[in-house]
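One structure is given below, encoded as structure tokens.
Bear in mind that the values in this text are calculations on the coordinates, not laboratory data. Note that the structure is predicted; figures quoted are calculated from it, not measured. Cβ placement follows ideal geometry from the backbone for every residue including glycine, while neighbour counts extend to all protein chains displayed.
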Amino acid sequence: MSLIDASQPPEVRLERQERIIAALMRRADRQNELSLSAYSAFQSAIELQAQVAAKTRDLERAASELETMRGDRERTRRNLHEALSAMHEGFALFTEGRLDVCNDLFRNLLPDIADRVGTGLSLDGYFELMVQSRHLVSTDRKIHRPAAQLGGSGEAGIVMSILIEISGDIWYQLGLQRTSSDNVVLLLTDITPIVRQNRSERKTLIDRQADYLQAVFEHMSSGVCTFSPEGAVMMQNRQFRHLLDVPMTEFGRGSTLERLLGFMQAKALIRDDAFLEVANWREQLKKTGWLRRRVRHGKGRVLDVQANTLPDGGFLVELKDVTLESRATEMLENRVMERTAELTRANARLTEQFEEMARVEEELRLAKERAEAAVSSKTRFLAAASHDLLQPINAAKLLISTLQEAAQGSHLLPMVDRLHRAFSSTEQLLHALLDISRLDSADPDAVTPAEVNLGALMESVFADQLPLAEAKGVRLDLVPAHVVVRSDPVYLHRSIQNLVVNAIQYTETGGRVLLGARRQGGRAVLEVWDTGIGIRRADQARIFEEFARAGAARVGTGMGLGLSVVDRACRHLGHALGVRSAPGRGSVFSIAMDVVDWRARRGDPAALIPATSEGPFAHHVLMIENDPDVLFAFAERLRLWGARVIGAGSGAEALARLEDGMRPDIVLADYHLDGGATGLGAVAALRDVCGAHLPAILVTADRSEALRREAARADIAVIPKPVKLAHLRPLINWAVWRAGIPTKVSNDSAPRSPRLGPGKGDI
Amino acid sequence: MRDEGLRPPLHVHVATSEAAEAGAAVAEVVAGVDLAATCFALVFIPKCLDAGAVARGLSAKMGGVPVFGCTSAGQITPEGYASEALLLMAFPRAHFRCASVLIDRLRPFSISGIAGAVERLDAQFRHTPGWNRLALLFADGMSKQEDLLISTLETVLPDTPVFGGSAGDGLEFNETFVLHDGRLMKDAALVLMVETALSFQGVNFDHFQPTEEQLVITGADPEDRLVFEINGAPAAPEYARIVGCARADLSPRIFAENPILVHHRGRYYVRAIADATETDALSFMAAIDDGVIMTLGRGRGMIENLRAGLDLSDAEGAPPDFILGFDCVLRRLEAEQKQIAHEVSDVFRARRVLGFNTYGEQHGGVHMNQTFVGVAFFGPARGGPI
């Protein structure tokens, strides 16, 4: 049908065409207007709708694609499920800690929790369920928060493996592995066959070992039996039954320790009730882990029973027949006991004897004390008597002295003189008696050893007895000595005096008595010589006894006690008293004493020598000095002091003088001599030639230490120039005096110089 | 499918009454629902009842439960098409929440006023997490403002699907009302914002095919949807000539059978004719304009089309629990003309379609005629979405 009604006349049709065109034109124009008409709203709406529809189509397409993908995923998942179901292992995948998928084997592992194993269950939740399950028997490790153990950090590859035992002897290995940061895979592997096979192999092994063990048991020499922790017999050997004498019927497998002990008690095989108490066994084993007992069994057999706990809580009992050993031990013990008894008896005897000896000793001591007391009282009496006697004698002597004055020129004078002498003798006798009594007393302080100047003592005695000798018409001489000895000054003085008096008494008028001392090794020997009547050899031992007297002695002048006092004093002091005599020719009495080593006395050597500068200076001095003026001055000075001086200008000259036969007491040498020679060399040569260690002093201006040492090594004293005369004289005295003492000069210690006084002048 | 249809819907309660007197009808429908469990109700009033009396009766009987609705040109009850049934749909509070705004003046049309009111409603209506939101529009069917209205709503509510039906007046095309808050309103529209725990799906279809016949509107009053001239000739006689009938024979049934379509970008939209005036003008039920080229359409396979359009299922393949349907009155007239109305009713019953016959349908921002617009509600998800 046409747009315009064809039945209309052409003008109408034309008009309508125009109208149509106009309307279309208007419409077309309005398309560009922004009008808000209903139709434009409709138009814009359907525009929008078209766009929406297009978008919807896109969405639908996307949705359908999604649907397809979902289908694929479903299919994949289904395939996965099927695959998982076909697996022989339990499998579970936990995504982000929640169960995502698992197979039936995993789910039904523990039937009582199967219905709770579902999607969304947490890993920890699964393990909690697992632990709760009554089908779970054991795990090889504690399952606690495995998610945390796998590490929250999400590192892949961490693996955990747990061994699980399920009721019915089913074993699974549960492996956990983190496959990615989100995923954890649990794999359950059935290892039941492996576990069972292992076990059966182990069992076979154990059985074989048990057989082996049984065989070993049977062939052991001691009786062995093991018990279960409950006390049931596990394993025993023939020797065990044999030792206990228990029949096999009583002692099969399954019988108990209690029964065994009961049997032995009933048969009275062992009479030790404590031993047979099961409770005691248990307590002991529990406390110490072992038990050891020796019991006597039935017919005199002795058994060692030792029980030790075993690792499973049971214990092993070992029996040993120690009857022979036990008998041997008994025998030995008996023997030891016998010997012990014997020794005890011997000891008692010895003790008795010892006590007896002690008693005797005590008696002896008492007797000695009594004797000593008796002696002591006698001595005291003697001392007291002598002392008391001296008083009237002193008085008598004073009267006699007065009487002598009055009797001058009368005929009574000789009688008074005799009287005076008689009283003097009495006094001396009393003194001797007093000495003897003191020396005989037990008093350890009877003598007091000290350092005594022997020369001084001799001079003192000489001076005292010179009048007596002159009165008798005997010549008394003294040879001076310079020596210090160790002795008691009082008794030594008395002894010398007695010897001198004795010598004078037994020497006829016109005879001689000589007092002197000489060195003999480390000792000084004092000698008293006389030209008296002499003593026969037979009498020589007797003369020291009290009141022994040579037959020719005149009555009234004898001093019977004199030698006796000397003998006692020397014995007390350790001096050797000697006598040499030839009848008609004379006698020599000697006392040998220890010389005191002056060097040991570090105190004051000057005190030991006649140190006074004014003292005698009769030395023979050899002086070596190359300067004639100095030599002259020195020599004059020394001569002034009293020395004999020989001067020499050199060492050779000095040697020549020596060859003249003269030997000096001391050499004084200048150090620097002509021709490069030294004083030290000269001294050495002199000593060499005369074969003696001449004392020497080196005079030098050289104060070096080296020279001092060299001089010291040669035992040569040194005095520095200019020489102080006040020092020189004591030094010479000291050097000469020292040379008279036998010395052992050591190389490293220089001789000490005497104390040097203040100088008086220099040369 | 039939068996499935025997089951009443689970998530909406429906009551109908064919009582001739308004009070009795109201009493019957109110007694048929559980008011305590009801969030709100939709009511569709037949031409035979006094709408004012129905409104008053509902206000008195519904016990404070809000009732919305409109007058209708026929009802779709659980039994299918009905002409004299009062239909009440009670939406349970277990699955529905609702808020409403009444637009009480459509002429003159104020876009800003309406847009503001709807925006406020949308903003104030609290969103429940996990629930789905949609809007329902009931407009005065004689206001001729549905095009702008739906366009405005579509703009204001870009994320909310809007489904609408224009109130009817039987076949009188005289005056229509919307019911809001116990009041019947003319020249008004009602917007319901609904949130539901149920999932839903919009549906919109027609069954027309374009013919060879084209025509041009050469004279029209777009405001009143009146077309005076077609192809330069008086509209009514020219339409009669084109469809091949006498001017005198023009009736709603002719109009229903021979709708005029607008072609736009490959799609055809129905412009239904409501009436032919004495001045030989044609009164349209949707927007028209001067100079628009139109195509004569012809219905094809209405039943098949209906079945296909309503064959819906949710993500899990389950059919809808019920479908709220806005069915153009001209479709019903066509079905009755073709004597397939009972078949249509069978399909509606089977698909549990409930609703009314409209003077126009709104969906996707467009006001249309001779279409079926529906919202299919599905039962709650049995399993979460994958």
In region B:75-141, the trypsin sites (Lys or Arg not before Pro) that sit in a DSSP loop and have at most 14 other Cβ atoms within 10 Å of their own Cβ are B:R93, B:R126
Among the GluC sites (Glu not before Pro) in region B:146-194, which ones are in a DSSP loop with at most 13 other Cβ atoms within 10 Å of the Cβ? Mind listing them?
-> B:E172
Would you order A:Y172, A:Y212 from fewest to most other beta-carbon atoms within 10 Å of each residue's own beta-carbon?
-> A:Y212, A:Y172
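Kirkwood hydrodynamic radius, computed over distinct alpha-carbon pairs, for region A:382-454: how many Å, to one decimal?
For region A:382-454, the Kirkwood estimate is 14.5 Å.
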If you bin the C-alpha pair distances of region B:73-141 every 5 Å from 0, what whole percents do you get?
-> 3, 11, 17, 17, 16, 16, 14, 6, 0
With x for Gly and Pro, the residue-by-residue ³J(HN,Hα) of region A:189-202, computed from phi through the Karplus equation 6.51 cos²θ - 1.76 cosθ + 1.60 at θ = phi - 60° and given in whole Hz, is 10, 6, 10, 3, x, 5, 4, 5, 5, 3, 5, 5, 5, 5
By Cβ neighbour count within 10 Å, fewest first, A:S587, A:S326 rank A:S326, A:S587
Under 18 Å from the A:R335 label point (7 Å along Cα→beta-carbon), backbone N, region A:283-307 = none
Cubic angstrom per residue, convex hull over Cα atoms of region A:374-413 = 50
Mind pulling up the Rg/Rh value for region A:215-360? Radius of gyration and Kirkwood radius, both on Cα.
-> 1.26
Size of region B:55-108 along its principal axes in angstrom, Cα-based, largest extent first?
-> 36, 35, 23
How big is Rg to Rh over region B:1-138, alpha-carbon atoms, Rh as the Kirkwood inverse-mean-distance radius?
-> 1.00
Taking the Cα centre of each part, how many Å lie between region A:342-364 and region B:154-207?
-> 149
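Of the DSSP beta bridges with both residues in the protein assembly as shown, give the percent that are antiparallel, rounding to the nearest 5.
Antiparallel bridges make up about 80 percent of those DSSP assigns within the protein assembly as shown.
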Residue-by-residue Karplus 3J(HN,Hα) for region A:63-72, coefficients 6.51, -1.76, 1.60, Hz, glycine and proline x | 4, 5, 5, 4, 4, 4, 4, 4, x, 4
Along its principal axes, what span do the Cα atoms of the protein assembly as shown show, with the longest given first and each in whole Å?
-> 244, 112, 63
Ellipticity estimate at 222 nm from DSSP helix runs (n ≥ 4, -39,500 (n - 2.57)) divided over chain A, nearest 500 = -16500 deg cm²/dmol
As a check on your grasp of the helix formula, calculate [θ] at 222 nm for chain B: sum -39500 (n - 2.57) over DSSP H runs of n ≥ 4, divide by the residue count, round to the nearest 500.
-> -7000 deg cm²/dmol
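Send over the per residue convex hull volume for region A:1-124, Cα only, as a whole number of Å³.
Expressed per residue, the convex hull around the Cα atoms of region A:1-124 is 240 Å³.
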Give the share of C-alpha pairs in each 5 angstrom bin for region B:222-369, from 0 to the last occupied bin, in whole percents, shortest bins first.
-> 2, 8, 16, 21, 18, 13, 10, 6, 3, 2, 1, 0
Rounded to the nearest 0.05, what FRET efficiency do A:R202 and A:A83 have when you use their Cβ-Cβ distance and R0 = 35 Å?
-> 0.40
With 10 Å bins from zero, work out the P(r) of region B:189-306 over every alpha carbon pair and list the percent per bin.
-> 13, 42, 26, 14, 5, 1
Compactness relative to 2.2 N^0.38 Å, alpha carbon Rg of chain B | 0.96
Starting from region A:42-98, pick out the GluC sites (Glu not before Pro) whose DSSP state is loop and whose Cβ has at most 13 other Cβ atoms within 10 Å.
-> A:E96
Ranked list, fewest to most other Cβ atoms within 10 Å of each Cβ, for A:L476, A:L382 = A:L382, A:L476
Tell me, what ³J(HN,Hα) does each residue in region A:216-228 have, in order and in whole Hz, if you take phi through Karplus 6.51 cos²θ - 1.76 cosθ + 1.60 with θ = phi - 60° and put x for Gly and Pro?
-> 4, 4, 4, 9, 6, 6, 9, x, 10, 8, 10, 10, 6
